[in-house]
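Contents: one structure, followed by commentary.
The values are calculated or read from the model by the stated rules, or taken from the named source; none is laboratory data. These numbers were taken from a predicted model, which means no experiment stands behind them. Counting neighbours? That spans all protein chains shown, and the Cβs are built from the backbone with ideal geometry, glycine included.
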Amino acid sequence: MVSIKDVQSEYKRAILESQKLYAGRRAKDTAGAVRYTKGKIVEDITKDIIKIAWSKVSSDETRLRMDKKKITIKTNDEVYKLSQDIHVYIDDVFRISVECKSYTEVAMYKRILVDASLLKEAVPTINAFFIVQLENFLGGDYGKKVDAKGSESV
């Protein structure tokens with residue numbers, strides 16, 4: 001079973017890896033590699049945290065399943081395939097949808113909300129949506145209080 005200590009160690013390892021990629025950005029195009037690495041950090045850590053939380057609810061790990069399978073959305077005579085980063089199933093019922101971002105700004109946040117709304121309409125069993133992000137767009141640092149600045153939407 002994964003522990004919070006394991007999550008912290010993985011975060012530190014992955015952040016150091018992304019910093020090395022970023023440091024080499026002038027020699028080659030590493031922006032995609034940095035985004036991928038940070039995105040994977042958030043997704044992997046979030047899955048671990050979900051597993052830890054589930055272990056507090058049930059000892060039966062087989063009741064919990066996660067995937068990112070596309071959901072068919074029908075709206076305005078159009079058909080879309082939509083998914084967020086982690087779909088959490090309990091007893092094979094889709095209950096929680098999670099979007100993972102290394103960074104979320106206002107336009108992304110609004111898009112995530114629209115996607116969540118469309119998913120909820122298509123899958124009424126979903127009873128929670130989460131955004132898990134590594135960095136915030138308000139400034140500040142991890143674990144410090146941030147005074148919001150900018151527009152009302154922020």
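Miscellaneous remarks
- Residue within segment 60-70 that is exposed (fewer than 15 other Cβ atoms within 10 Å of the Cβ), in a helix (DSSP H, G or I) and touching a residue at least 24 places away in the same chain (Cβ under 8 Å) present: yes
- Failed item in (1) exposed (fewer than 12 other Cβ atoms within 10 Å of the Cβ); (2) modelled with pLDDT under 90; (3) part of a helix (DSSP H, G or I), with residue 147 passing the rest: (3)
- Test: residue 99 is outside any loop (DSSP other than H, G, I, E, B) and at pLDDT below 80: no
- The set of residues in segment 106-144 that are surrounded by 12 or more Cβ atoms within 10 Å (Cβ to Cβ), of a type in the set (Asp, Glu) and either part of a strand (DSSP E or B) or modelled with pLDDT under 85 (or both) contains only 135.
- Among the criteria (1) surrounded by fewer than 18 Cβ atoms within 10 Å (Cβ to Cβ); (2) modelled with pLDDT of 95 or more, the one residue 26 does not fulfil is (2).
- Enumeration of residues in segment 83-113 that are closer than 16 Å to residue 51 by Cα and free of Cβ contacts under 8 Å to residues at least 24 places away in the same chain: 87
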